[in-house]
Amino acid sequence: MVQAKYLTGDSAAINEFIDQFDVFLLDCDGVLWSGDHLFEGIPETLEMLRSRGKRVVFVTNNSTKSRPDYQKKLTAMGIPSNVEEIFASAYSSAIYISRILALPAPKNKVFVIGESGIESELRTENVPFIGGTDPALQRDMTPEDFKGLADGSLLDPDVGIVLAGLDFHINYLKLSLGFQYLQRGAKFLATNLDSTLPMNHTFFPGAGSISIPLIHMSGQQPTALGKPSQAMMDAIEGKFKLDRARTCMVGDRLNTDIQFGIEGKLGGTLAVLTGVSRKEDWEAEGAEVVPAHYVDTLSDLRGSTA
Ligand SMILES: [Mg+2]
């Protein structure tokens, strides 16, 4: 059985670990912060990695924010960053739709279930869309809605894709619209399938919990564009031209972050214990996803300079 190597407090092992890589792909929630609470020593740890010539890329499944939104959050947290160092599932979805799926107009319109981060990344890629934060959809269903959905008069004939992400205003009307578009042949995409969202030291429903009703009612599985989907890894590799063998994925969640790194055949994976997964999860008998290394908190990597 593969054993995860514990690095906290072992400065020689930490040094050797850091030297193995040129690029660190960093998950954000549960690694750098929880909600608005920044973990201790994070800016200094990132500064240390950069001063050793390492490239850091922020890779997040959170689809509610665009890359510029994310950069604002990083800046507000005291973490210097460039918008080009940020890779979020809303961006990954927009790239996939515009450059890989590339449906011919006009049947390339997207029905969005999600927040403004998705909308702004679709706009950046010139992808037409409806739904999303449209206030006209934030209401109860009326008898006219049921009728218009049944006869199709309420539907946009150009919608060829349903994209579901985390939506703080999910309701029966949006689910009914999404279902109708899927029934009529639209492609089903999800920004990511995380079951939960870690915030304020607890958990809230994640983007996957928004997709599940659509999966249940349609009997279809979406193509997911967040971790651990390798569609996202391919997009990251294409953008940053990284050497997978010299790249390490850092995250708090086994079934997204660590699995993403293992399936992507990266040179390394590092789990942190400040988020979702516990060491018992990978030490359990028959654990399927085991990180190569782990630390209590990301800032333990500063122990290398001791
Ligand atoms: Mg996380």
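The values are calculated or read from the model by the stated rules, or taken from the named source; none is laboratory data. Just so it is clear, the model here is predicted, and its values are computed rather than measured. Virtual Cβ from ideal backbone geometry, glycine too; neighbours counted across all protein chains shown. Side chains are part of the model used for accessible areas, which takes the heavy atoms of the whole protein and leaves out ligands, DNA and RNA. Shrake-Rupley method; radii C 1.70, N 1.55, O 1.52, S 1.80 Å.
Data for the structure
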| quantity | calculated |
| --- | --- |
| Reduced Cα scattering model of the chain, Debye log10 I(q)/I(0), q = 0.08, 0.12 Å⁻¹ | -0.37, -0.78 |
| Per residue value of the accessible surface for the chain (all protein chains in place, 1.4 Å probe), Å² | 43 |
| Whole-percent carbon and sulfur share, accessible surface of the chain, 1.4 Å | 53 |
| Area accessible to solvent at GLU144, 1.4 Å probe radius, in Å² | 120 |
| Nearest 10 degrees, 0 to 90: helix 42-51 Cα axis against the chain principal axis | 70 |
| Full-stretch length increase - MET199, PHE146 - with 0.36 nm per residue and alpha-carbon distance subtracted | 15.5 nm |
| 28 Å Cα-Cα reach of LYS73 towards lysines, excluding residues that sit fewer than 8 places from it in its own chain | LYS54, LYS65, LYS227, LYS239, LYS241 |
| Rg and Dmax [Cα atoms of region 6-95; Å; Rg one decimal, Dmax integer] | 13.8, 42 |
| Under 13 Å, Cβ to Cβ, from LYS107 - net charge with Lys/Arg +1 and Asp/Glu -1 | +1 |
| Inter-label distance, nm, simple model (7 Å from Cα along the C-beta direction), GLN20/LEU103 | 4.3 |
| Farthest toward positive dipole pole in the chain [+1 Lys/Arg, -1 Asp/Glu at C-beta], among LEU25, SER92, ILE42 | SER92 |
| Semi-axis lengths, Å, region 90-224, gyration tensor of Cα atoms, sqrt of 5 times eigenvalues | 21, 19, 14 |
| The chain - share of DSSP beta bridges that are antiparallel (%, nearest 5) | 15 |
| HIS169 accessible area, assembled protein chains, probe 1.4 Å, Å² | 80 |
| Lysine pairs meeting the criterion (Cα under 17 Å, 8 or more apart or interchain), as found in region 90-224 | 5 |
| For PHE129, distant residues with modelled amide H under 5 Å away | VAL110 |
| Long-range amide H partners of SER34 with built H, under 5 Å | PHE39 |
| For region 217-283 and region 89-166, distance of Cα centres in Å | 27 |
| Cα pair distances of region 230-286 binned at 5 Å [whole percent] | 4, 19, 27, 23, 15, 8, 3, 1 |
| Helix 172-183 axis, angle to the chain major axis (alpha carbon atoms, nearest 10°) | 80 |
| Mean separation of Cα contacts under 8 Å, 6 or more apart, over the residue count of region 90-224: relative contact order % | 23 |
| Full-stretch length increase - VAL2, HIS169 - with 0.36 nm per residue and alpha-carbon distance subtracted | 55.9 nm |
| Point-to-point label distance, SER11-GLU263, nm (Cα→Cβ direction, 7 Å offset) | 4.0 |
| Distant alpha-carbon pairs in region 65-155 (separation over 16 angstrom), percent | 63 |
| Cut-off 11 Å between beta-carbons: net charge of the residues surrounding MET48, Lys and Arg +1, Asp and Glu -1 | +2 |
| LEU197 long-range amide H proximity, modeled H, under 5 Å | PHE204, GLY206 |
| Solvent accessible area, Å² - ARG99, 1.4 Å probe, full protein context | 150 |
